[in-house]
Amino acid sequence: MLEGNGLTRGLARELGCDNTRVNNIAPSAVLTEGTREFFGEKDERALEVIAGGSAIRRNLHPKDVCDSMLWLVSEQSAFVIGQTIAVDGGTVMLQRAERWFRRAQRYDSQRLRRR
């Protein structure tokens, strides 16, 4: 179950009777300038690993999150309430990708020590 789902469902129950819809968007790592700064000089490799952990095999862009949000506020989702929408390209295996990235980092540091 996704983080924040209990709060989302609880608020939806409380506010739904007033026709107020409450939903939650749970994106994976969004490709922004801040993301690149966070990963520093290893940003290309980190983004490659993250994209490799998703079913769609590309990184999440701000437009992807905005498009999902626009759908949620539209009439097309009028009966959607209390849901956490995972906008992640199918990144159900992100933890596996993170473990792989850590292994790759250890391998790189071991290789550098041997030199």
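The values are calculated or read from the model by the stated rules, or taken from the named source; none is laboratory data. Treat the numbers as computed from the prediction; the structure is a model and nothing was measured. Don't worry about glycine lacking a Cβ; one is built from the backbone with ideal geometry, like all the others, and counts go over all protein chains shown.
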Looking at segment 77-115, which of the residues that are part of a helix (DSSP H, G or I) and hydroxyl-bearing (Ser, Thr, Tyr) is modelled with the highest pLDDT?
SER77
Taking segment 1-30 and the residues there that are modelled with pLDDT of 90 or more and touching a strand residue (DSSP E or B) at 6+ places or on another chain (Cβ under 6 Å), the one that is farthest from ASP67 (Cα to Cα) would be THR8
Mind checking which residues of segment 30-59 are exposed (fewer than 12 other Cβ atoms within 10 Å of the Cβ) and under 11 Å from GLY90 (Cα atoms)?
ALA55, ARG57
Filter segment 67-76 for residues that are outside any loop (DSSP other than H, G, I, E, B) and free of Cβ contacts under 8 Å to residues at least 24 places away in the same chain; the one that is farthest from the chain's Cα centre (by Cα) is GLU75
Given the options THR20, THR8, name the one that is farther than 28 Å from GLN105 by Cα, surrounded by fewer than 16 Cβ atoms within 10 Å (Cβ to Cβ) and either of a type in the set (Val, Ile, Thr) or in contact with a Gly (Cβ under 6 Å, 6 or more places away or on another chain) (or both).
THR20
Return the residues of segment 7-20 that are under 22 Å from the mean Cα position of the chain (by Cα) and of a type in the set (D, E, K, R); say none if nothing qualifies.
ARG9
